[in-house]
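Participant: The structure is given below, and queries will be raised subsequently.
Read the figures in this text as sums done on the coordinates, not as results from a lab. Quick caveat: nothing in here was measured; it's all calculated off a predicted structure. Using ideal geometry, Cβ is built from the backbone for each residue, glycine included, and neighbour counts are taken over all protein chains shown.
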Amino acid sequence: MIELLDLQQTLHAFAACNDNHGVYESFGWVYATDGEPMQARFWLPPDEETAFDDDDEVPAEARALGLREYLEPGNFAGVLFVQKRQRPLSTVEEYAKALEHYREHDAFLEVEGVDEALGEATAADRLAARYAGVGADIFTSFDLWLLACGDEQLKATAQAVAHRHEVPVGEALVRCRALPLLLGEALDRNRAQAIKDQFEAIGATVQVHGFKPFPWMEAPVLR
């Protein structure tokens, strides 16, 4: 059965992927009905076998719903990322405009006011996005801080920090005595969860700061 999504739901489906590799693992293609992205309906088949019939054509069930090939998943994600890089607090409507421009011109939409040399938003815009809890990528990200560890956990914690920061254990001990300590920045969900689990298993206290992909979403959390 084909599940039709609006554009916001489609953006959420991409944001739910852990990273770019997760996009390719999750979607075989992006299909859409005719019309502007805000009015169109999208289908995200889970793999290429589902996305195409035996003749590499749009499946009959999809054609019956008015679905057409829209974009390859990596290109769809790329349009979202470039738009977000230029304007971190973009609205759904602005993402729709970027997608429509890419489809029509096979080129990314250039947003006025960005740093032309870097192709990204101003420092003020990036800071505003961070204060709003919006990360730099189109996927959820996390900053992890080591807040505390007892004397009985100090050695094990220092060893874990040494491995994480790639420093000698002696240097890690110094860092563990001068908390808080940043364990990782802009980590994907899987990596952040693994580090959190590792340090909490030792008995250390870890603070998690989650960054959402899009400004209208809720702040993400780890288990």
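Participant: List the GluC sites (Glu not before Pro) within region 1-93 that DSSP assigns to loop and that have no more than 13 neighbouring Cβ atoms inside 10 Å.
Facilitator: Of the GluC sites (Glu not before Pro), the ones in loops of region 1-93 whose Cβ has at most 13 other Cβ atoms within 10 Å are 3, 57.
Participant: Then there's this: Tell me which GluC sites (Glu not before Pro) from region 164-223 have a DSSP coil assignment and no more than 14 other beta carbons within 10 Å of their own.
Facilitator: 166, 218
Participant: What is the dipole size for region 1-76, taken about its Cα centre, with +1 at each Lys and Arg Cβ and -1 at each Asp and Glu Cβ, in debye to the nearest 20?
Facilitator: Dipole magnitude for region 1-76 comes out near 440 debye.
Participant: While we're looking at this one, here's another question. Please build a GNM for the chain, connecting alpha carbons under 10 Å apart, and tell me which residue among 80, 173, 89 fluctuates the most.
Facilitator: Result for the chain, Cα springs under 10 Å: 173 fluctuates most.
Participant: Report the charge-dipole magnitude of region 141-211 in Debye, nearest 20, computed about the Cα centre from +1 at each Lys and Arg Cβ and -1 at each Asp and Glu Cβ.
Facilitator: Approximately 20 debye in magnitude.
Participant: Run through region 10-94 and list the trypsin sites (Lys or Arg not before Pro) located in a DSSP loop whose Cβ has at most 12 other Cβ atoms within 10 Å.
Facilitator: Here no loop site has a sparse enough neighbourhood.
Participant: Rounded if a/c is under 1.5, else prolate if a/b is larger than b/c, else oblate: which is region 7-105, with a ≥ b ≥ c the root eigenvalues of its Cα gyration tensor?
Facilitator: Oblate is the answer for region 7-105, as a/c is 1.5 or above yet b/c matches or exceeds a/b.
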